[in-house]
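The values are calculated or read from the model by the stated rules, or taken from the named source; none is laboratory data. These numbers were taken from a predicted model, which means no experiment stands behind them. Glycine also receives a Cβ, built like all others from the backbone with ideal geometry; neighbour counts cover every protein chain displayed. Protein only, heavy atoms only, side chains kept; ligands, DNA and RNA dropped before computing areas. Shrake-Rupley method; radii C 1.70, N 1.55, O 1.52, S 1.80 Å.
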Amino acid sequence: MFASASELRLAVSKSPLSLPFFVAREQKLFEKHNVKLQWIECLGGNRCMQDLVEGRADMATSSELPFMFALLDGNPITLVATFTTAKDDMKFIANRNAVTNGVAALKGKRVGFVARASSHYYKDLFLLYNGLDPKEVVHVPMNADKLPNALLGGEVDAISVWEPWGQITLDRGAAQVVLLEAPKLYTQTFNLSVSNSYMVSGKAELRRLLQAIREANVFIKTRPIEAKAIMARSAGLDADLVEGVWPTLLFQLSLQHSLLSTLQGQTRWAKREGHVPQGTPEPDFLNFIDPTHLRQLAPNAVDFAYP
C-alpha cells in the first residue's frame, strides 16, 4: 500500500516501549488531532530506523543507538522527542551448561545479538562489567526475533536481547536457560526520529502527532489497566509479561541531558570497538536533536542542555 501525498509514513517498533503510539492508534487520537498516517510496523527499532534512512518512512520509533549509528553513517535525520524511558528492558540470557563456572566461562563461546542496536551495546557493557573483553567471545549477529530459537536450539550459548524476546526465551527455555543478573548498566530511551526533508515540509503534522502522543501518555497514566491491555494486544505479550515490564517503563515526552550523555558515550564505544570506520567524526548531537516542537507543547519537558 502506498501512502497518499498527505499521509505521514510512521514506522513503529512492535515493542512494549512503543505503547504511547499503540494507545494513540487504538484510542483514535491521531484522528482527533488530524494526523493522517500510514502505519508501518517493524520488529525492532533498528528496522524502523532502516525504513527511515532508506526513505520508506518519514518518522520512526527506536532506541537512541540506531539513531546514533544513522548519524555516524551521515544520514539526514533529526530526533525530536523521547517518549519512553526503560530501566530494565535489556536481558543477557545464557544456556545453563555454558555458565556453570560463572560468566567468565563465556570466553570463547557464541553470543547472539542484534548488530547496531541496543542489544549490541548491552552485550559489550555486560561482558565488560563481568571482566570479559568483548573480543573474547564469538559474536553472532541476527534479528531479535531469531535470538530465542538460536539459544534454545544450541546455535549460540548466550544472547543479549530486549523485551519481549527476553521473557519469551525464559518462558520457553524453563530449566534450559538462565537470566544472568547485573546492576542497571544502561537506561534505554525510545525516541521519535524524523527525516530532515519531512522536518521542513511536515512541521504542522509533527506538532499534531506530538499532541496525540502527549494525550496517549495521559491515558496510560490515568487508565493503566486499559493501557496494559493495549500493550498486550499490540506487542503480542501475555498479561504476566506486561505486569513484569510495566514498573520498569516511564511513558513521558522529554528531552533530557542524559540522552545527550548516552549518545556521546555510545559513539566512543562504537569508535573504540571498530563498529564504524576509523576516522569517523563524532557528530555534534545538538545539531541533530530539535527541541522546538516539544518545547512549544511542553516547555518543562526540555532540559536546559537543548538550546
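When only alpha carbons of segment 210-287 are considered, Rg and Dmax amount to 18.1, 50 Å. Using C-alpha pairs below 8 Å separated by at least 6 residues, the relative contact order for the chain is 26 percent. With 5 Å bins beginning at zero, the pair-distance distribution over Cα atoms of segment 146-286 amounts to 2, 7, 12, 13, 16, 17, 15, 11, 6, 2, 0 %. Segment 160-224 and segment 236-277 have Cα centres separated by 8 Å. Exposure here means at most 11 other Cβ atoms within 10 Å; with trypsin sites (Lys or Arg not before Pro) in a DSSP loop as sites, the longest stretch of the chain lacking them is 29-183.
The residues of the chain expose, per residue, 43 Å² of accessible area to a 1.4 Å probe.
Among the GluC sites (Glu not before Pro) within segment 95-202, those in coil by DSSP and having at most 12 neighbouring Cβ atoms inside 10 Å are E181. Of the peptides 173-179, 250-256, the ranking by mean beta-carbon count within 10 Å, highest at the top, reads 250-256, 173-179.
Expressed in Å, the radius of gyration and Dmax of the Cα atoms of segment 1-115 are 18.1, 59. A straight Cα-to-Cα reach below 22 Å connects K184 with the lysines K87, K91, K123, residues fewer than 8 places away in its own chain not being considered.
Note on segment 105-229: Kirkwood radius taken over Cα pairs, Stokes-Einstein applied at 10 °C and 1.306 mPa s, translational D equal to 92 µm² s⁻¹. For segment 195-253, the convex hull spanned by the alpha carbon atoms encloses 103 Å³ per residue. Excluding same-chain neighbours fewer than eight residues apart, the aspartates and glutamates reachable from K28 by a Cα-Cα span under 15 Å are E215, E226.
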